[in-house]
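Step one of this worksheet: look at the structure below.
Every read-out reported here was derived from the displayed coordinates using simple, explicitly stated rules and does not represent laboratory data. On a predicted model such as this, the values are computed, not experimentally measured, just so you know. Reconstructed Cβ throughout: ideal geometry from the backbone, glycine too, with neighbour counts over all protein chains shown.
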Amino acid sequence: MTAELYPAIDLRGGKAVRLHQGSYDDETIYGDDPVAIAVSFAEAGARWIHVVDLDAARSGDPVNRPLVEAIARSVAGRSLVQTGGGVRTLADAHALATAGVARVVMGSAAVQSPELVAAVADVVPVAVGLDHRDGELAVHGWTAASGVHVGDVLGRYPTAAAFVITDIARDGTLEGPDVDGLAAAVVSTDVPVIASGGVGTLADVIALGRIVGLAGVITGKALYERRFTVPEALAALQEVPS
């Protein structure tokens, strides 16, 4: 199985941004037209696009939802959209499904109410976002520690379509992913695992692609910083021996 590539678009104030290690005070703006960015990813061959509403992740107010819908509509028929940030209720799930999103990512709400994942999964496929610092899950837009560790929850979500596992300390750093930790997670669950955080080079993409059973690789800043292109990353993943 070849891992899917998930080019990432993080939304804040209507712009495409990246945070450094999840800090809202350390932000780089990469564009004021996220829809155009999404279209460029789709035209480059990405089957999935990963979209995060950072404003909603912190406040719960889905201020960027119209933009998420515009992205989903703009790439319909070419790419599927996976989106997270502030997905906390069945109403959120219904709204995003109606907006054309193929999969939602639930983080804080999933950690606090595992039963909600099963309910939302009846509306739209759910990826559970496991965002952690040194293995401890963070919630509320990565601003609070949960006291729960990644390994403790891998068996709690039988209806999940995927886990998105993000090492916050690596996110936005381009310093390399947690290959060992991700490999351990993959063998600890039957739920597909998508890697997030730290990808900075094509070598990082290949290293993740070599994790047997890994379902996907999310990358954002490396693309915006032109470390590599979407076609180059797709080709690298295809070339990894399965």
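A few comments on the model shown:
- Residue tally, condition crowded, with 20+ Cβ neighbours inside 10 Å and at positive phi, over region 174-212: 2
- Within region 66-80, considering residues that are under 17 Å from residue 126 (Cβ atoms) and out of contact with any Gly (no Cβ under 7 Å at 6 or more places or on another chain), the one surrounded by the fewest Cβ atoms within 10 Å (Cβ to Cβ): 80
- Residue in region 5-15 that is in contact with a Pro (Cβ under 8 Å, 6 or more places away or on another chain), free of Cβ contacts under 8 Å to residues at least 24 places away in the same chain and part of a strand (DSSP E or B) present: yes
- Test: residue 185 is farther than 18 Å from residue 54 by Cβ, in contact with an Asp or Glu (Cβ under 6 Å, 6 or more places away or on another chain) and not in a loop (DSSP other than H, G, I, E, B): no
Here's the yes/no breakdown for (1) in contact with a Gly (Cβ under 8 Å, 6 or more places away or on another chain); (2) β-branched (Val, Ile, Thr):
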| position | (1), (2) |
| --- | --- |
| 5 | yes, no |
| 16 | yes, no |
| 20 | yes, no |
| 25 | no, no |
| 29 | no, yes |
| 33 | no, no |
| 37 | yes, yes |
| 41 | no, no |
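- Residues of region 29-58 classified as among the β-branched types (Val, Ile, Thr), outside any helix (DSSP H, G or I) and either on the phi > 0 side of the Ramachandran plot or surrounded by 14 or more Cβ atoms within 10 Å (Cβ to Cβ) (or both), total: 3
- Of residues in region 144-157 being assigned to a loop (DSSP other than H, G, I, E, B) and touching a helix residue (DSSP H, G or I) at 6+ places or on another chain (Cβ under 8 Å), the one nearest to residue 227 (Cα to Cα): 154
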